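The values are calculated or read from the model by the stated rules, or taken from the named source; none is laboratory data. Computed from a predicted model, the values in this text were never measured in an experiment. Heads up, the Cβs are rebuilt from the backbone with ideal geometry, glycines too, and the neighbour counts pull from every protein chain shown.
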Amino acid sequence: MYRLRPLIIAMSITLSTIASAAADKAAPAAKAEAAATNPFAKASTLQYQAPPFDKIKDSDYQPAIEEGMKQQLAEIGKIADNADAPTFANTIEAMEHTGAMLTRSSKVFFALTQANTNDTLQKIQEEEAPKLAAHADAIFLNPKLFARVKSLHESKEIKDPDAKFLIDRYYRNFVRAGAQLSEADKAKLRELNKEESTLATAFQNKLLAATKAGGLVAKDKAEFAGLSSGEIDAAAAAAKERKLDGQWVLPLQNTTQQPAQVELTNRATREKLFKASTERTEHGDANDTRATIVRLAQLRAEKAKLLGYPTYAAYSLDDQMAKTPEHAIKLMTDMVPAAVAKAKGEADKMQALVDKQGGKFKLAPWDWQYYAEQVRKAEYDLDESKIKPYFELDRVLHDGVFFAANKLYGLTFKERKDIPVYQPDVRVFEVFDADGKSMAFWYADYYKRDNKAGGAWMDSFVDQSGLLGTKPVVFNVCNFTKPAAGQPALLTFDDVTTMFHEFGHALHGMFSNVKYPTLAGTNTTRDFVEFPSQFNEHWASEPSVFANYAKHYQTGEPMPAELLAKIKAARTFNQGFATTEYLAAALLDQAWHTIPPGSDKKDVDKFEAEALKQFNIDYALVPPRYRTSYFAHIWGGGYSAGYYAYLWSEVLDDDAYYWFKENGGMTRENGQRFRDMILSRGSTQEMDVLYRNFRGRDPSVEPLLEERGLKTEKSDAPKTDEKKAK
Ligand SMILES: [Zn+2]
């Protein structure tokens, strides 16, 4: 996934010096000095302005963010109060230059609150989130500033298409943020925004605490029977980290289904683990998220009404590719019957297996992965534990992810141990373009930690901009199980796919070649942003790439042809399950965000059950990928009313992949074309136009149905993975 920033205005690195700002507020000498030595006060002197993590202390963030907001408001004030008539340069371009210190500090701060948080950072986040919401409002609800933007929007004199496009973007952002409301309604909106940001932060912190406290603890190793010795060691290490020496802990992954279910032979343990997962935030304690969610859904509906939309989803999708919730919902509900039917077929096979083994029980959701794995073994003779030794993290990275980027785009990589990081497991790579010129930094933070949010994502410390003269500094965060000391990190194919996915986002950020930061890199619509990442997943199973990285970690032997053939044969295996659990979550998101304002939804679980029923996706054996109470994407992660975006983007990514298949496949030339027409363009054009230019037509849903095995005709796509929404 891609993490969306709470700040909407793009900002720059050029700024008035901190000394004069400190003088302005007549701060005591000590305070002024502290501000001047704050590592965020000036642009980092490290290459590409990489964050100076060796100098940044937890105590630096809050003063930097506060000072950053103050500086930006002063800069914005000057633009709004300018006596000269508005021009593109003195208004729009000027705004692109504001807020440098705030951008610098908040980008690092929010990266860390997600990937490496602690009590201090969480407390700062709780205090600053509503202030940042108020700060954005102070800019977007400034009537003098909006008057300038509006007059430029209406001006017939501006001819430059890039300038016109950016003005239009600003105008839309202001209107969507409430710039046209009455003063009384603006005041209401400010209150709602503040409350929303406070509640979203509260949700994130509750979920993190619940996940940290949750998981499954075993006093007897026998409960974890079925796990490999490496995994048992990791469970012992996880227990030690929680000061539960001599015990074993399975920490929770963010999704409903837990990866360990595949291996756990003890049915009672599987049930316990399932319940620990699905009820993680429903214990009626301080970490229970349900009351927070009820209020969040309600206030979003109120906010939408204030802004003139029938529902929050209608508001949210109005500036997306999908345009309306009806379009997004239709794409999904059209797929529900085929997905559920396929899942039911999968369940029947598993029930038959249970019966054959004399199980005498009805398949339950906690049995799904365990028996699915057995069916997979029986039908395809495919065993996850036999596959993993061929996916060693470092080899996948260098000989897979980097190798593919080299073949398509000519990139090369060099690890930089001299660039400071925020945690010892984080690695930094310098990225070189096809002509050998250095072009970006890329950070990788791959291992799961208790102070890291669940899932995987990409974001940036510095965005590319021609105007500001900045190069991209981007990062990927994942949650792969950290091996015990001295052991290799062996991945599942799902993990491998995740690496390619997040690196696809990184490429989108690193190839950005635009002038204005607002339009740079991954700053696209949400239902487009997953396109480059999901597109990049396809190369994980491209034969020439796969053969290059899928080698045994001990012997270096390539994966045997028959094992590879089996993986290929199993490519649409369990897709009924994967599609159904995704659709259930995405439709649940739409249900929560299409409630009318003023309705009273007090019972979260009842609402969830009814919504799933309404969309005919209430299939008990396949619960939503995320249940409402731990659905971080929509309550804390910026994907509210937007979880459908993965499927929407998947239509694009499969369709674009088929363009490659139709045009000679994985060639340097095709890669360059994709880079030039999609990856380097940010959002300098409407997304549908950008796509049409590349494809020569509108996107077609057919390749997706084929890839997921939801079409009746047999597909001959060279696909080896089980595609799964992130
Ligand atoms: Zn993504």
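Observations
- Among the criteria (1) at pLDDT 95 or above; (2) surrounded by 24 or more Cβ atoms within 10 Å (Cβ to Cβ), the one Gly576 does not fulfil is (1).
- Unique residue being part of a loop (DSSP other than H, G, I, E, B), more than 16 Å from the ligand (Cβ to nearest atom), of a type in the set (Asp, Glu) and at pLDDT below 90 when the list is Asp618, Asp716, Asp721: Asp716
- Candidates are the residues of the range 170-197 that are assigned to a helix (DSSP H, G or I) and free of Cβ contacts under 8 Å to residues at least 40 places away in the same chain; the one that is nearest to Thr91 (Cα to Cα) is Tyr171.
- Residue in the range 210-217 that is modelled with pLDDT under 95, part of a loop (DSSP other than H, G, I, E, B) and not aliphatic (A, V, I, L, M) present: yes
- In the set (1) among the charged types (D, E, K, R); (2) within 16 Å of the ligand (Cβ to nearest atom); (3) modelled with pLDDT of 95 or more, Glu650 fails one condition alone, (3).
- Residues satisfying the stated conditions in the range 658-696, i.e. exposed (fewer than 14 other Cβ atoms within 10 Å of the Cβ) and of a type in the set (Ser, Thr, Tyr): Thr667
- Restricting attention to the range 421-467, the residues being surrounded by fewer than 16 Cβ atoms within 10 Å (Cβ to Cβ) and within 16 Å of the ligand (Cβ to nearest atom) number 0.
- Scan of the range 585-602 for residues that are assigned to a helix (DSSP H, G or I) and within 14 Å of His633 (Cα to Cα), ordered by number: Ala585, Ala586, Leu587, Leu588, Asp589, Gln590, Trp592
- Unmet criterion (only one of (1) assigned to a helix (DSSP H, G or I); (2) among the small types (Gly, Ala, Ser); (3) under 30 Å from Ala202 (Cα atoms)) for Ala352: (3)
- Residue in the range 393-409 that is among the hydrophobic types (A, V, I, L, M, F, W, C), in contact (Cβ under 8 Å) with a residue 60 or more places away in the chain and within 16 Å of the ligand (Cβ to nearest atom) present: yes
- Subset of the range 391-430 [hydroxyl-bearing (Ser, Thr, Tyr) and in a loop (DSSP other than H, G, I, E, B)]: Tyr422
So that you can scan it fast, the table gives a plain yes or no per residue for (1) surrounded by 22 or more Cβ atoms within 10 Å (Cβ to Cβ); (2) more than 25 Å from Glu191 (Cβ to Cβ); (3) under 23 Å from the mean Cα position of the chain (by Cα); (4) among the charged types (D, E, K, R):
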residue: Lys42; (1), (2), (3), (4): no, yes, no, yes
residue: Leu46; (1), (2), (3), (4): no, yes, no, no
residue: Gln49; (1), (2), (3), (4): no, yes, no, no
residue: Pro63; (1), (2), (3), (4): no, yes, no, no
residue: Met69; (1), (2), (3), (4): yes, no, no, no
residue: Leu73; (1), (2), (3), (4): no, no, no, no
residue: Thr120; (1), (2), (3), (4): no, yes, no, no
residue: Lys131; (1), (2), (3), (4): no, no, no, yes
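- Among the residues of the range 468-482, the ones that are part of a strand (DSSP E or B), more than 13 Å from His97 (Cα to Cα) and away from the ligand (no atom under 14 Å from the Cβ) come to 2 in all.
- Lone unmet requirement of (1) of a type outside the set (A, V, I, L, M, F, W, C); (2) farther than 28 Å from Tyr61 by Cα; (3) at pLDDT 95 or above for Lys164: (3)
- Residue pairs whose Cβ atoms lie under 6 Å apart, sitting 6 or more positions apart in sequence or on different chains, and linking a residue in the range 59-83 that is farther than 18 Å from Glu126 by Cβ to a partner that is part of a helix (DSSP H, G or I) and among the charged types (D, E, K, R), are Ala80/Lys144.
- Residue check, Ala184 surrounded by fewer than 19 Cβ atoms within 10 Å (Cβ to Cβ) and farther than 12 Å from Leu299 by Cα: yes
- In the range 504-556, the residue that is farthest from Val701 (Cα to Cα) out of those that are free of Cβ contacts under 8 Å to residues at least 40 places away in the same chain and away from the ligand (no atom under 12 Å from the Cβ) is Thr555.
- Residue check, Leu408 farther than 25 Å from Tyr630 by Cβ and buried (at least 18 other Cβ atoms within 10 Å of the Cβ): yes
- Only listed residue being under 13 Å from the mean Cα position of the chain (by Cα), of a type in the set (Phe, Trp, Tyr), buried (at least 24 other Cβ atoms within 10 Å of the Cβ) and closer than 23 Å to Ser438 by Cα, chosen from Phe531, Phe503, Phe511: Phe503
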